[in-house]
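Below is one structure; the comments refer to it alone.
The values are calculated or read from the model by the stated rules, or taken from the named source; none is laboratory data. Quantities reported herein were computed from a predicted structural model and do not represent experimental measurements. In this analysis, Cβ positions are derived from the backbone assuming ideal geometry, glycine residues included, and neighbour counts consider all displayed protein chains. For the accessible areas, the whole protein counts, side chains as well, though only heavy atoms, and no ligand, DNA or RNA atoms are used. Shrake-Rupley method; radii C 1.70, N 1.55, O 1.52, S 1.80 Å.
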Amino acid sequence: SFLLYLFANDTHSVAAYADLGLQFGNFTADIAGRFENYSDFGNTINGKLALRYEYAKGYSVRGAVSTGFRAPSLQQKYFSNSYTDLYVNDDGTQQLVTKGIIRNASNIAQNVIGLDKLKEEQSINYSLGLTFRPTSKLFITLDGYFIKVDDRIVLTSDITDPVLEENGVDAARIFSNAIDTETKGIDLVVSYQTRWGKGNFNANLSANVNETKIVNYHFP
């Protein structure tokens, strides 16, 4: 059997954004800030600083640092379901078990298991790169980046508890701000454009190498 419950709720936000661009010869800077009020969790302030310096015609170095956030989605806050699964015991016998996803805001999730109410993910981003235009037809960018996300929202593994069994559920999973992650990587983009007969020829090559790892757990 399969039961699905989908809840909807009103979520609204108000935001103000400012952006300032500056240029001094071959040096450019971009400064941005954003204030936002979310009905879910309150206020957040984020900013960005980006710098670029063209040290030779067609060649430049650039870098940026910024902060960000992501509010919990409605499905992460209000989605729940239950289903029946076939479980094989160690002795080879089989039994039917009931599993599902429990809402984070439920009494069981917060008061029995001890999870905190979902809050926004917060991030900080760093990037540093080079741009090359060796010819008018060829353009190359190479960027390295580092992203740290705190309080990332993920589904827990199966949780078992006597209270769950009393409510007819053998194991449950719950969305939680359970981990902090770090991502580092490199982006390479090569673009080539030229005339080909009566038309234009465009070719693009892109490559990305990255690694994401969990650096911290927040689980009771």
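Structure above, values below:
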quantity	calculated
Selection from region 180-205 of residues that are at pLDDT 95 or above, among the β-branched types (Val, Ile, Thr) and farther than 14 Å from Thr141 by Cβ	Thr181, Thr183
Members of region 41-50 that are on the phi > 0 side of the Ramachandran plot and open to solvent by 50 Å² or more (accessible area, probe 1.4 Å)	none
Checklist (1) among the polar types (S, T, N, Q); (2) open to solvent by less than 40 Å² (accessible area, probe 1.4 Å); (3) part of a strand (DSSP E or B) applied to Gln76, failing item	(3)
Positions within region 64-73 being touching a Leu at 6+ places or on another chain (Cβ under 6 Å) and crowded, with 17+ Cβ neighbours inside 10 Å, in sequence order	Pro72
Looking only at region 137-168, and only at residues there that are open to solvent by 70 Å² or more (accessible area, probe 1.4 Å) and over 30 Å from Val61 (Cα atoms), the one that is modelled with the highest pLDDT	Arg152
Residue in region 103-119 that is closer than 30 Å to Thr212 by Cβ, part of a strand (DSSP E or B) and touching a residue at least 40 places away in the same chain (Cβ under 8 Å) present	no
Qualifying position, being crowded, with 16+ Cβ neighbours inside 10 Å and among the aromatic types (Phe, Trp, Tyr), among Tyr38, Tyr59, Tyr53	Tyr38
